[in-house]
Amino acid sequence: MKDNNNKLTFWERYLTNEIGIEFKACLYFFAVLFFYCVYRMIGGVFDASILHMAEMIFTCYFIGYIQLLVFGNFDEADKLGVLECVGMAVCTLAYTAVSWFGGWFEENITATLLFAAYIVLAYFCVFFIYKSKRRIDDKKLNEELRLFQTEHKK
Amino acid sequence: MKIRVERITDGEESIDIRYKEPNPTIERVLGILNNEGNRLWGRADEESVCIDLSDILYLESVDDKVFAYTRERILRIEGSLNSFMTETADETFFRCSKSMVINVNRVISLKSLSSNRIDAVMEGGEHIIISRRYASEFRKLLKGDR
């Protein structure tokens, strides 16, 4: 029966999650790196530390797991509830703490606070991007539904 | 139940059905003979009822019992969701989760949800979630790619 063929294997489920987390890690790494590079350039430094970048990508990957497994993938959520806001706050704190202890912004309080605000902004942007994507998808789905119903009218 | 099949070489083909009380098997056989492929027999309030397949909004399996929901009533039907899908072979019925089948013609609107799930709003106002496992198949069905 078709139903049995639809069953996802453990490997397929793992791969789906892993691809999602790696995509998330790349997305936030790019955002963090952008802020880091701007900070460095403003300070007159035109190179980036490989150690810092390694810390960033591992942090993004680890926080990606927390986002997905603990906070129900809040940046892709249908609406922002308590769990999503708590998740956003915890993950922002985690990024800020790692940036402080990793010395990404040379323990500069202003830069670190700006970085925290930037992460929150990034989360909101990603949330609204996914929301817009789903809204466009709604339109497409409903158009296809009407077409299907017209073709299969009895 | 005793089944007697006889092959004849001439004369008119005929079928005799002998029963004491109507039961779902007899009703199903009668349904087939009366060319009622688009109808479904079920039980509602201890009585046998026959409904049009197109009247069904959705079917749900609860504790190995299958219920068909129309706008007016709920019928308990024989068999499983799998057997329903095989017997009806109707493209407008879609298995949207492990325990539910929806009539796509009775869907009012669709809403895309996170994790690639779809919320289907039925004519009765019920919200039925098409799980991630079935959502891609559903999209293919709508596009006619199945």
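Throughout, read-outs are computed from the coordinates displayed, never taken from laboratory work. Everything quoted here is computed from the prediction, not taken from an experiment. Glycine also receives a Cβ, built like all others from the backbone with ideal geometry; neighbour counts cover every protein chain displayed.
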Quick check: the distance between the Cα centres of the stretch B:76-144 and the stretch B:1-33, to the nearest angstrom? 35
For chain B, calculate the relative contact order in percent as a whole number, restricting contacts to Cα pairs under 8 Å that are 6 or more residues apart. 14
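With a sphere of radius 11 Å drawn around the Cβ of B:Glu13, what net charge do the other residues whose Cβ falls strictly inside it have (Lys, Arg +1; Asp, Glu -1)? Walk me through the numbers before you get to the answer.
Numbers: positive: B:Arg7; negative: B:Glu6, B:Asp10, B:Glu12.
Neighbourhood net charge equals -2.
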Per principal axis, largest first, the Cα atoms of the stretch A:34-145 extend in Å by 56, 27, 23
If you scale each eigenvalue of the Cα gyration tensor by 5 and take the root, what three semi-axes come out for the stretch B:73-146, rounded to whole angstrom and sorted largest first? 20, 15, 12
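I want the local charge near A:Leu27. Using Cβ-Cβ distances under 14 Å, sum +1 for each Lys or Arg and -1 for each Asp or Glu among the other residues. All intermediate terms of the calculation are to be shown ahead of the outcome.
Working: positive: A:Lys24, A:Lys133; negative: A:Glu22, A:Asp75, A:Glu76.
Residues near A:Leu27 contribute -1 overall.
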For chain B, set up a Gaussian network in which alpha carbons nearer than 10 Å are linked by springs, and say which option among B:Ile102, B:Ile26, B:Ile129 fluctuates the most. B:Ile26
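Can you give the average number of partner chain beta-carbon atoms within 10 Å of each beta-carbon in peptide A:135-148, as a whole number? Provide the component values of the computation, followed by the final result.
Working: counts 2, 1, 7, 7, 2, 5, 10, 7, 2, 7, 9, 2, 3, 9.
Going residue by residue through A:135-148 and averaging, the value is 5.
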Quick check: Cα centre of the stretch A:78-107 to Cα centre of the stretch A:20-40, how many Å? 13
State which entries of A:Lys139/B:Lys140; A:Lys24/A:Lys139; B:Lys20/B:Lys65; A:Lys79/A:Lys140; A:Lys131/B:Lys140; A:Lys140/B:Lys111 exceed 19 angstrom in Cα-Cα distance in the structure shown. A:Lys24/A:Lys139; B:Lys20/B:Lys65; A:Lys79/A:Lys140; A:Lys131/B:Lys140
Along each principal axis, Cα extent of chain B, largest first, Å: 62, 36, 24
Lys and Arg at +1, Asp and Glu at -1: add these up for the other residues within a Cβ distance under 14 Å of B:Met1 and post the number. +2
Tell me which of B:Ser54, B:Ile118, B:Pro24 sits at the most positive position along the dipole axis of chain B, charges placed on C-beta atoms (Lys, Arg +1; Asp, Glu -1). B:Ile118
For chain B, with a Gaussian network of springs between Cα atoms less than 10 Å apart, report the residue from B:Glu78, B:Glu91, B:Glu60 with the top mean-square fluctuation. B:Glu91
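Summing -39500 (n - 2.57) over the DSSP H runs of n ≥ 4 in chain A and dividing by its residue number, what mean residue ellipticity at 222 nm do you reach, to the nearest 500 deg cm²/dmol? Write down the numbers at each step before the final one.
Numbers: 5 runs with 120 residues, N = 154.
Here the helix-only value at 222 nm equals -27500 deg cm²/dmol.
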With Cα atoms, 0 to 90° folded angle of helix A:82-101 axis to chain A main axis: 30
Cα-based equivalent ellipsoid, the protein assembly as shown: semi-axes from gyration tensor eigenvalues, Å: 59, 18, 16
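Calculate the mean, over all residues of peptide B:135-142, of how many other protein chain Cβ atoms lie within 10 angstrom of the residue's Cβ.
Working: counts 1, 1, 3, 3, 4, 0, 2, 10.
Mean shielding by partner chains, rounded to a whole number: 3.
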Whole-percent pair-distance distribution, where bins are 5 Å wide, for the alpha carbons of the stretch B:10-87: 3, 13, 24, 25, 17, 8, 5, 3, 2, 1
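Enter the mean number of other protein chain beta carbons within 10 Å of the beta carbon of each residue in B:103-111, as an integer.
Numbers: counts 0, 4, 6, 1, 4, 2, 5, 9, 7.
Other-chain Cβ atoms within 10 Å of each residue's Cβ, averaged: 4.
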